[in-house]
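Presented below is the structure to which this report refers.
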Amino acid sequence: MVPPIAMALVSATTQLQVVAARTEVAEEEIHLQEKQRVLGILPNFYVSYVRDAYPLNSKQKFELAWKTTIDPFTIVLTAATAGIEQARNDFSGYGEGAQGYGKRFGAAYADTAIGTFMGSAILPSLLKQDPRYFYKGTGGTRSRILYAIANIFICKGDNQRWQPNYSNIFGSLAAGGISNLYYPAKNRGVGLTFENAFIGIGVGAVVNLAQEFVVRKFTPKVPDYDPAQSAQSPGRSKKQVP
């Protein structure tokens, strides 16, 4: 005769975390960004309204730069810039007439393309930095102004930590230096390099201020995101499994 034997079962709860691939989540966020257009027209691809958006890989950085460069509005804006330069006879070495306008258009478009790829794709890929502006949208006016201006000199790295924005600064200088290859001889030199670099940095500061205070109001199809709250990272979900 043996005594009864009882096995005690202890209930347990296992937490299963399902995580989407980082590349897939970043790709989905890019698709949303590419729908962001001010007044439904102007491309607004390089701003993220999701504070903890996933970093982009090199391929995604180049794709975003390419789509920005070939966007119809980019071409129209470049054509308008060349027209203004023609009317003011800027870079007179290009001459006048259709030939002069064509050269001005080519130079203006080259500035845009080189600046975009250097500052938003090539250097960010090499230095592992995120080329996007991350909308703040909360806090006092002064803190938001300082944040917008500071983002010319700081950026998020691919590790999602803030760091010096070498991509933007060196990208502007590199684009300014390369422009010496196609501007008229009398306009070339160190002065042209730094002039174009400072123009790029100054325009970037103005754009950031507009992004922080104006652009979001006129941009449809932005994520329904409350900047005052820390959003859960996209692509993650937790499920209690008994």
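The values are calculated or read from the model by the stated rules, or taken from the named source; none is laboratory data. Just so you know, these numbers come straight off a predicted model, no measurement behind them. All Cβ positions, even for glycine, are placed from backbone atoms using ideal geometry, and neighbour counts span all protein chains on display.
Summary of values
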{"quantity": "From the options Gly115, Gly157, Gly171, residue that is farther than 18 Å from Thr68 by Cα and of a type outside the set (A, V, I, L, M)", "calculated": "Gly157"}
{"quantity": "Selection status of Gly200, in a helix (DSSP H, G or I), of a type in the set (Gly, Ala, Ser), closer than 25 Å to Arg37 by Cβ and touching a Ser or Thr at 6+ places or on another chain (Cβ under 7 Å)", "calculated": "yes"}
{"quantity": "Within the stretch 151-173, considering residues that are in contact with a Ser or Thr (Cβ under 9 Å, 6 or more places away or on another chain) and assigned to a helix (DSSP H, G or I), the one surrounded by the fewest Cβ atoms within 10 Å (Cβ to Cβ)", "calculated": "Leu173"}
{"quantity": "Tyr101 vs. criteria buried (at least 16 other Cβ atoms within 10 Å of the Cβ) and either among the basic types (Lys, Arg) or modelled with pLDDT of 95 or more (or both)", "calculated": "yes"}
{"quantity": "Pairs where the first residue, in the stretch 143-156, is free of Cβ contacts under 8 Å to residues at least 40 places away in the same chain and the second is among the aromatic types (Phe, Trp, Tyr), C-beta under 6 Å, 6+ apart", "calculated": "Ile154/Trp162"}
{"quantity": "Lone qualifier among Gly137, Gly176 - being surrounded by fewer than 21 Cβ atoms within 10 Å (Cβ to Cβ) and either small (Gly, Ala, Ser) or assigned to a loop (DSSP other than H, G, I, E, B) (or both)", "calculated": "Gly137"}
{"quantity": "Contacts under 7 angstrom Cβ, first residue in the stretch 71-90 being surrounded by 13 or more Cβ atoms within 10 Å (Cβ to Cβ), partner of a type in the set (Phe, Trp, Tyr), 6 or more apart", "calculated": "Thr78/Phe105; Thr78/Tyr109; Ala79/Phe105; Ala82/Tyr101; Ala82/Phe105; Glu85/Phe91; Gln86/Tyr101"}
{"quantity": "Some residue of the stretch 54-63 being more than 22 Å from Asn180 (Cβ to Cβ) and over 23 Å from the mean Cα position of the chain (by Cα)", "calculated": "no"}
